[in-house]
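Accompanying notes for the structure given below.
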Amino acid sequence: MFLVLNVLMKQELSLDPSWKEVLGDEYNAPYMQKLRLFLDEERKLGKTIYPPKDEIFAALNLTPFDQVKVVIIGQDPYHGPNQAHGLSFSVKKGVKTPPSLVNIYKELHEDMGINIPQHGNLENWARQGVLLLNNVLTVEHSKAGSHHKQGWEKFTDKIIEVLNEKKENLVFILWGSPAQKKAAAVNEKKHFVLKSVHPSPLSSYRGFFGSKPFGQANQFLKSKGIKEINWEII
């Protein structure tokens, strides 16, 4: 069994060394081994899992621990073909921009004067220190929430815990009550926490529009002598 688990772990995307260091044994904990077995069994049954294996940990690998400045928490990966690629709210170039991201772009334009992009790939943010972390990191095709309570929530809770404890002067952008509950233990004396309703079309007009999270984030970073984020999508 131990050999099988090691083989499965090697099949998944390797984790950036800075995250392995701060997460300690969490990455190889029994519940994570069980999660890997679950994913492997789902694939053996012919189920399509998003994102692809090599992009499951994209948020952590594009934004190493020592480079994190801003944390934006999403929920599930998108569950349509070619959408999810490991970053919350983001989709690959060539894929239609999802409704929530359309609203994020509208607020970005109003807040920062940035032209609304023609694609939904947010890698430029991730490479500057914006951790685009979902609560759950995988999902079955066309089945939202299908990988809840398989272990991902515990793993991503630990990520937020180590960010809160080991870093300071982070900006947490929390859209919607699930994200706010997820980061409820973040120390607001050490970090800057921005809260609003979710950018979904169902809620965006109840306080998301006009919340100006991008400008506020940059103002805070600048006040702490930290390089601001260029929020332009390239």
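For the reader, a short list of remarks on this structure follows.
- The stretch 159-234 shape via C-alpha gyration tensor axes, a/c threshold 1.5: oblate
- Sites Ala185 and Leu37, calculated FRET efficiency, Cβ-Cβ separation with R0 35 Å, nearest 0.05: 0.75
- Charge sum, other residues only, whose C-beta stays under 15 Å from Val139's C-beta, Lys/Arg counted +1 and Asp/Glu -1: 0
- Electrostatic bookkeeping for Lys181 treats Lys and Arg as +1 and Asp and Glu as -1; over the other residues with beta carbon under 12 Å from its beta carbon, the sum is 0.
- For Thr48, the shell of other residues with beta-carbons less than 13 Å away shows a net charge of +3, using +1 for Lys and Arg and -1 for Asp and Glu.
- For the chain, the per residue solvent-accessible surface stands at 48 Å², with DNA, RNA and ligands left out and a 1.4 Å probe.
- Filtered trypsin sites (Lys or Arg not before Pro), the stretch 122-229: DSSP coil and at most 16 other beta carbons within 10 Å: Arg127, Lys149, Lys167, Lys189, Lys190, Lys224, Lys227
- FRET efficiency for Thr48 and Lys93, using Cβ-Cβ distance with R0 set to 25 Å, rounded to 0.05: 0.75
- Listed cross-link partners Lys20/Lys96; Lys34/Lys96; Lys20/Lys166; Lys167/Lys224; Lys92/Lys195 are compared with a 24 Å cut-off, the Cα-Cα value being larger for Lys20/Lys96; Lys34/Lys96; Lys92/Lys195.
- Calculated P(r) of the chain - Cα pairs past 27 Å, %: 32
- Mean Cα-pair separation over length for the chain, i.e. relative contact order, pairs under 8 Å, 6 or more apart, %: 22
- Placing dummy labels 7 Å off each Cα toward the beta-carbon, the span from Phe209 to Ser18 is 3.7 nm.
- Qualifying trypsin sites (Lys or Arg not before Pro) in the stretch 40-73, DSSP loop, other Cβ atoms within 10 Å at most 16: Lys47
- Pair His119, Val162: separation of 7 Å Cα→Cβ label points (nm): 3.1
- Remark: spin-label model distance Ile234-Gln67 equals 1.3 nm, labels positioned 7 Å along the Cα→Cβ axis.
- Among Thr63, Thr138, Thr48, residue whose mean-square fluctuation peaks in a GNM of the chain (springs only between Cα atoms under 10 Å): Thr48
The values are calculated or read from the model by the stated rules, or taken from the named source; none is laboratory data. All values derive from a computational prediction rather than experimental measurement. Cβ: placed from backbone, ideal geometry, glycine included. Neighbour counts: every protein chain shown. To get the accessible areas, we keep the full protein, side chains included, count just its heavy atoms, and leave off ligands, DNA and RNA. Shrake-Rupley method; radii C 1.70, N 1.55, O 1.52, S 1.80 Å.
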